[in-house]
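J.: Structure in structure tokens, see below.
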Amino acid sequence: MPESLPLIYFIVTFALLLLGFPVAFTLGGVSVLFGYFAVGPDFFNLLPLRIWGRITNVVLIAVPLFIYMGTMLEKSGIAEELLETMGFLFGKHRGGLAISVIVVGALLAASTGIVGATVVTMGLLSLPTMLKRNYSPALATGTIAASGTLGQIIPPSIVLVLLGSILNVDIGSMFMGAVIPGLMLVVLYIIYVVAVAYISPESAPAMPQDELKKFREKGMYKRIFFAFFLPTVLIIIVLGSIFAGIASPTESAAVGAIGASILTAMKKKFSLKVVKDVAIYTTHLTAMVFILLVGATSFGLIFRGMGGDTYITNLILGSHMSKDLFVFVIMLFVFIAGFFIDFIEITFIVVPIVAPIFHHFGFDMLWIGIIFAMNLQTSFLTPPFGFSLFYLKGVAPPSINIIHIYKGIVPYIIIQLIVLAIVILWPDTVIWLASKISY
């Protein structure tokens, strides 16, 4: 067997993905071909066992449960109430509407974690209002797209569950390690909006006083209480039970799914149609994730069967690359790959290949998981295939073109890279909080 065959295998797979072939079937199909000719017929005896072991992982049960919870909450109308209330609460300040979008994006991330639903909801509700208030189209669209992607890093996040499973890191620790980086992103987003509003007041004007007066006169405190109370209770139940060590992430996801159904019923939005729509969407997204998992498992089995992990490790060590340079090279590769392929594909293809090398260098795998998650978050914003950009363009008014969105997201991508650099340079931003709780 040629020593470079694993590299050829990887290049062929990656090239087919870039050409637009379906991810799961590309991974599975190429794996079967290379497995038969490179490993031999015994490959077909090993593959079912490996796939069965992967898909019966109890931790992954949290994936459909968190998807269900987020989708049910999206149907409950809580996001609409949050956006409206926060808009009035911060509206008296320049840039207040944009700040409210960021805060609501963080709250929705902590209670749903579904990027597409968050971006679409905020785009439908906030973007017309911001444009009506003479906000800069670039600032408005960039803020909505970036705030919607906070669900990638703020727990409970699907990508954190998947990365934790691949890297063999406790999911509760992954959630805990992501808290400080997620809050850093929220704070820097707000600082950026405040700076823009100060430097260019016409880009982010305050709301008219007469509208704010009407808000104060029509039960302001009651609206604030109910808009914050329901999602906050759910966040405390789901994340608090994990952080306190009371429940595992899978158990808390089940509680969150039930809690989301109860909140939807309290909002009088619970119906057979809603349950059916949520179930269909959850099944669709879960099936997509797990069929990708099957393809990625096949890919990983053949890659290791051909000695790919040993080949890559020897290649890196033979180049005398320092461990810090290796982190930089992988992070740069993941960032560039995010321009062209989906975060799930990178998670299932790249991470399993490089994980043994990170182990060899002695890195903390929790820290590795979080910097991967933060890097993958940028893939939602980077053109030409950033999903958040397409979600937002699909619901934006005709006056908004794709150039407005591209201009708007650049500062937020820079902020994400700054926070990523901080987390890489100071690993304690991840490890410190997670070390305080033992799971």
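Every number here is computed from the coordinates shown, using simple stated rules; none is lab data. Nothing here was measured: the structure is a model prediction, and the numbers come from that model. A quick note on method: Cβ atoms are made from the backbone with ideal geometry, for glycine too, and the neighbour counts reach across all protein chains shown.
J.: Find the centroid of the Cα atoms in the range 310-346 and in the range 1-71, then give the distance between the two in whole Å.
T.: 19
J.: Sort 164-172, 312-320 by the packing proxy (mean of other Cβ within 10 Å over each peptide's residues), most packed first.
T.: Result, highest mean first: 164-172, 312-320.
J.: Please state, to two decimals, what the Cα-based radius of gyration of the range 254-351 comes to when divided by 2.2 N^0.38 Å (N = residues).
T.: Taking the Cα Rg and dividing by 2.2 N^0.38 Å, one obtains 1.66.
J.: Another question about this same structure. At 25 °C and 0.890 mPa s, grab the translational diffusion coefficient of the chain from Stokes-Einstein with a Kirkwood Rh over Cα pairs, rounded to a whole number in µm² per second.
T.: 108
J.: Taking the Cα centroid of the range 231-298 and of the range 393-439, what is the distance between the two, rounded to the nearest whole Å?
T.: Using only Cα atoms, the two centres lie 24 Å from each other.
J.: What length, rounded to one decimal in nm, is gained on full extension from ASN314 through to LEU425, with 0.36 nm per residue of separation minus their alpha-carbon distance? Write down the numbers at each step before the final one.
T.: Details: separation 111, 0.36 × 111 = 39.96 nm, distance 2.61 nm.
Value of the extension gain: 37.4 nm.
J.: A further question follows. FRET efficiency for GLU80 and ASP364, Cβ-Cβ distance as r, R0 = 60 Å, nearest 0.05?
T.: On the way: r = 41 Å, r/R0 = 0.68.
In this case the efficiency is close to 0.90.
J.: If you consider only alpha-carbon coordinates, what radius of gyration and Dmax does the range 1-160 have, in Å?
T.: Computed over the Cα atoms of the range 1-160, radius of gyration and Dmax are 22.5, 70 Å.
J.: When TYR412, TYR189 are ordered from fewest to most other Cβ atoms inside 10 Å of their Cβ, what list results?
T.: TYR412, TYR189
J.: Beyond a 30 Å Cα-Cα separation, which of these cross-linked pairs lie in this structure: LYS268/LYS407; LYS75/LYS436; LYS213/LYS267; LYS75/LYS132; LYS323/LYS407?
T.: The pairs that break the limit, which is 30 Å between Cα atoms, are LYS268/LYS407; LYS75/LYS436; LYS323/LYS407.
J.: Right, next: Would you please state which residues of the range 55-82 a label at LYS268 would reach in this model, taking the label point 7 Å out along Cα→Cβ and a backbone N cut-off of under 18 Å?
T.: 75-82
J.: A follow-up question, please. Can you report the principal axis dimensions of the range 309-387 using only the alpha carbons, biggest first, rounded to whole angstrom?
T.: 37, 22, 20
J.: Using the Kirkwood radius built from alpha carbon pairs, what does the Stokes-Einstein equation give as D for the range 292-437 at 25 °C and 0.890 mPa s, in µm² per second?
T.: Here the translational diffusion coefficient equals 144 µm²/s.
J.: Give me the dipole magnitude in Debye, nearest 20, for the chain about the Cα centre, with unit charges on the beta carbon: positive for Lys and Arg, negative for Asp and Glu.
T.: The calculation lands at about 1360 debye.
J.: FRET efficiency for LEU18 and VAL233, Cβ-Cβ distance as r, R0 = 45 Å, nearest 0.05?
T.: Once rounded, the FRET efficiency stands at 0.50.
J.: Across all directions of projection, what mean area in square nanometres is found for the Cα convex hull of the range 140-204?
T.: 4.6
J.: Next up: List MET207, MET86 from most exposed to least, where exposure is judged by having the fewest other Cβ atoms within 10 Å.
T.: Exposure proxy ranking, most exposed first: MET207, MET86.
J.: Shifting gears a bit: Run the paramagnetic zone check for TYR221: 7 angstrom along Cα to Cβ, then residues of the range 69-102 with backbone nitrogen under 19 Å.
T.: Under cut-off, by backbone N: 85-86, 88-90.
J.: Something else about it: What nm value, rounded to one decimal, do you get for the distance between LEU7 and THR283 when each label is placed 7 Å out toward the C-beta?
T.: It works out to 4.6 nm between the two label points.
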